[in-house]
Amino acid sequence: MAIHGRSIVKNNLKICYWNIGGINTHNMNKLEDHLFVQEIKEYDVVILAETHIGYDVNLHVEAYVPPANSSYTKKLDFDIIDQIEKDIVSYKSKGDILFCGDLNARTSTEEDYIAQDSSRYLPLFESYKPDNQIRFRKNCDETLDSRGKEIIDLCISNQMRVVNGRCMGDLLGHFTCFNTHGQSTVDYLIANERLFNQILYFRVSEFVSTFSDCHCKISWEILAKYQITETQSNNLHAAPVNFRWTEDSPLKFQQALLSPDNQQKISSFLINDSDCSSEDINKKAQDLCDIFLSAAKISLVTPKKNKKGSRPQKKWFDSDLFKMRKNVISLGKIYSRYPKDPVIKGRYYKYFRIYNKCRKVKYKQFINSMLQKLDTLRVENPKQYWKLINDIQDSKKENCSSQIDSDTWANHFRNLHSAIDNTFYSRLNQLEMILNDKDFF
């Protein structure tokens, strides 16, 4: 780590893309799920695309191409692939091109470059650059559809290359989409030739059905040298340790002060004569606090902390649902490893349907029980009624404490009692003049 105010030089960039099928699904927010956050927090850039978005979420990412035969595509007055190609042409002169997403295209193992392309024997334009002869692309999905042909033509005409099935981490071209109709490869990473050589690895993660409706997360790492400048942070002290004070604590604390180590600290504290400058006073105060803290650690007991971190959990999401969800995730990972096994596929979707049905039933039962409680308490116990209302409202509030960093708090309290600038006084004088000019009846 660098010193405050200096720059950190990084040589690689970790990126991931995931079509998660909605931030809010099945009455649960994925960004509040610690397992989902654990999946994406290690990356420098995270792209989350959605085929549908919750009503209370304002999020839109252009990383999804609808199927060629969908009703949405037929209503458009332009071709989506042509629009992507126009963007590639317009940005090609400004730098390297890389695009990824759910293209809803199945490309099989079609070559995305001109095989045996060369300028040795034919007179060509000087600006023509032959295609590099790169590794043959493998793909577990052997189907080629019309949208896949369009993607291949786009790659050939613009010298773009499909990364799936070519890089370390995905040399077999794993499936990226799993649903009841089968499995397919529709999520792609496509880069130009120069950037293709700078990709260190490409990986298709295991399918997790509780995080996405049918898509796997794809991730990659690029050689990219860039700097991150650290901002100057305030030297803030950590919060003091809490101690439990009991009836015998005074005697134990006095005995701890009489220990040889603390006696030596007290002697040096009393002997040391220094000037009355602010730095010396701060140092003396810190030394005195260290003496008290050292004695407290020897004699007093600190309250035990809860080892389990407090994670917000839906009240209707009980332990049975948690176990079922864990089993569904495990079966989904097995299904992504053996996608062509009919027994594993049938078992996974059977448990997935049972889990979804049980989750909906639990949620409806919870809502009905809350409504019944409110109806009963409204007449019999108004105090408990409003307490329940407040609990429901508090559960929906977002925790905003983490949005304010320590530097902001430090600057706020530092400037709290600072001198008022002249702008305030000039404005105050203007208001007094306006009031004096007014005639009050």
Cross-link reach from LYS225 to lysines, straight Cα distance under 19 Å and at least 8 residues apart if same chain, gives LYS10, LYS14, LYS94
Taking a straight Cα-to-Cα line shorter than 20 Å from LYS283, and setting aside same-chain lysines fewer than 8 residues away, one finds LYS265
What ranking do CYS358, CYS214 get, fewest neighbouring Cβ atoms within 10 angstrom at the top?
CYS358, CYS214
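Hey, what's the per residue convex hull volume over the C-alpha atoms of segment 319-396, in cubic angstrom?
On the way: hull volume 7.1 nm³, N = 78.
Normalising the Cα hull of segment 319-396 by residue number yields 91 Å³.
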Whichever lysines have a C-alpha closer than 26 Å to that of LYS74, once near sequence neighbours (fewer than 8 apart) are set aside
LYS86, LYS149
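Please give the direction-averaged projected area of the C-alpha convex hull for segment 98-211, in square nanometres with one decimal.
8.0 nm²
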Which whole-number percentage describes the relative contact order of segment 319-396, with Cα contacts under 8 Å and a sequence gap of 6 or more?
22 percent
Simple Cβ-charge dipole of segment 323-390, Lys/Arg +1 and Asp/Glu -1, about Cα centre, in debye nearest 20:
420 debye
Based only on other Cβ atoms within 10 Å, what is the fewest-to-most ordering of VAL343, VAL46, VAL163?
VAL343, VAL46, VAL163
How big is the dipole moment of segment 249-299 about its Cα centre under a simple scheme where the beta carbon of each Lys and Arg is +1, that of each Asp and Glu is -1, and everything else is neutral? Debye, nearest 20, please.
360 debye
Go through PRO382, TYR338, MET370 and say which Cα lies farthest out towards the positive end of the charge dipole of segment 319-396; charges sit on Cβ, +1 for Lys and Arg, -1 for Asp and Glu.
TYR338
Over the Cα atoms of segment 249-299, how large are the radius of gyration and the largest Cα-Cα distance (Dmax), in Å?
12.1, 36
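Coordinate-derived values only; no laboratory data. Keep in mind that what you see is a predicted model, and the values were worked out from it rather than measured. As a convention, Cβ positions derive from the backbone with ideal geometry for all residues, glycine included, and neighbour counts pool all protein chains shown.
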